[in-house]
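Here the structure is laid out as structure tokens; the discussion comes afterwards.
The values are calculated or read from the model by the stated rules, or taken from the named source; none is laboratory data. What you are looking at is a predicted structure, and each value in this text was computed from that prediction instead of being measured. Please note: Cβ atoms are built from the backbone with ideal geometry, for glycine as well, and neighbour counts cover all protein chains shown. To get the accessible areas, we keep the full protein, side chains included, count just its heavy atoms, and leave off ligands, DNA and RNA. Shrake-Rupley method; radii C 1.70, N 1.55, O 1.52, S 1.80 Å.
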Amino acid sequence: MSDLAAVAGMAPRDFPFADLSLAGRRMGFEAQGITLEHLDDAGFAAVEEMLLTHSVIVFRNQALSPEAQVRFSERFGPLEVSLYRQFTNESFPPLLVISNVKKDGKPIGAAHVGKRWHTDFSFMELCGYATILYGIEVPPVGADTAFADMYAAYDALDDATKREIDGMQVLHSYRLRYKDGGLSAAQLDRCPDVVHPLVRTHPKTGRKALFLGCVESAFAQGMSLEDGNAFMRRMIAFATQDRFVYSHKWRVGDVLVWDNAAVMHTATPFDEAKYNRTLHRTSTIGGRPF
Ligand SMILES: [Fe+2]
């Protein structure tokens, strides 16, 4: 089964919005009464507390210029610039346009990113922390963004498996992923092979989480490349079972923020011939996973 078919066949639950207090940890939270464009320091501290507690938060009815999105995003830490430099905002390069829209026959954004389970910038030495995704135009059907809870997936492992994977290292390699083309030499130069632990400790919450990367670029160490990749595919299949997954149905004006040290995510399909989808993405970098 292809990755996309696997995603299309799954039935993730809808995001369980705001029916618990902030104190009750569960992935996914709808923040209310917050305008991201005008956030003081106390407001930002509250937003980051929500993020660290719930790992994925949504803000409805926002209106963010590219500059306002970049200013909000950089409060989480240094911004990363996408490898798809041709689709980044000219004035604000950390802002990536994701879109299937064409103007004068030319795509206005990256159309095919994130269509499999992954963690943003897992293939870099310093990996992604918060990703911010703003919905400008969204299809009425499909195109959900699904999230899998890597704390819960780790916690669900039996003790023998936890012992087996404790200390295991994983090679994240865009060189191997794109060995048949797809990225230029200059793009690949930005992300040399890197090794990260399979189980990471979140630097801010102290909780253990699985850190798996993407099926196409992750290879468990201590075995052949083929076996190491097969092992990671099994881990990702385990960690993205429905019981760990919530799926966000987009509305125009939604801003999603997620914690890449605690969740994996994937785009889900939609009828690209029928509907337009345009999102603005910014990503911040955390530290080296440990
Ligand atoms: Fe992503």
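Rounded to the nearest 0.05, what FRET efficiency is calculated for residue 35 and residue 108 with R0 set to 25 Å and r the Cβ-Cβ distance? Between residue 35 and residue 108 the formula returns 0.40. Can you give the relative contact order of the stretch 68-191 as a percent, counting alpha carbon pairs under 8 Å and 6+ residues apart? Normalised by residue count, the contact order of the stretch 68-191 is 17 percent.
Note on the chain: lysine pairs with Cα distance below 29 Å, sequence gap of 8 or more or different chains, count 22. Rounded to the nearest 500, the 222 nm mean residue ellipticity of the chain from helices alone is -6500 deg cm²/dmol, with -39,500 (n - 2.57) taken per DSSP H run of at least 4 residues. In this label model, residue 160 and residue 126 are separated by 4.2 nm, measuring between points 7 Å along each Cα→Cβ vector.
The apolar share of the surface of the chain, taken as the fraction of accessible area on carbon and sulfur atoms (1.4 Å probe, ligands and nucleic acids excluded), comes to 52 percent.
Ligands, DNA and RNA are left out, and with a 1.4 angstrom probe the accessible area of the stretch 3-285 is 43 Å² per residue. Gain on full extension, evaluated as 0.36 nm per residue between residue 168 and residue 89 minus their Cα-Cα distance, stands at 24.6 nm. Contact order, relative form, for the chain: 33 percent (alpha carbon pairs under 8 Å, 6 or more residues apart, mean separation divided by residue count).
Across the protein chains, with a 1.4 Å probe defining accessible surface, the residues 243, 207, 71 rank 243, 71, 207 from largest area downward.
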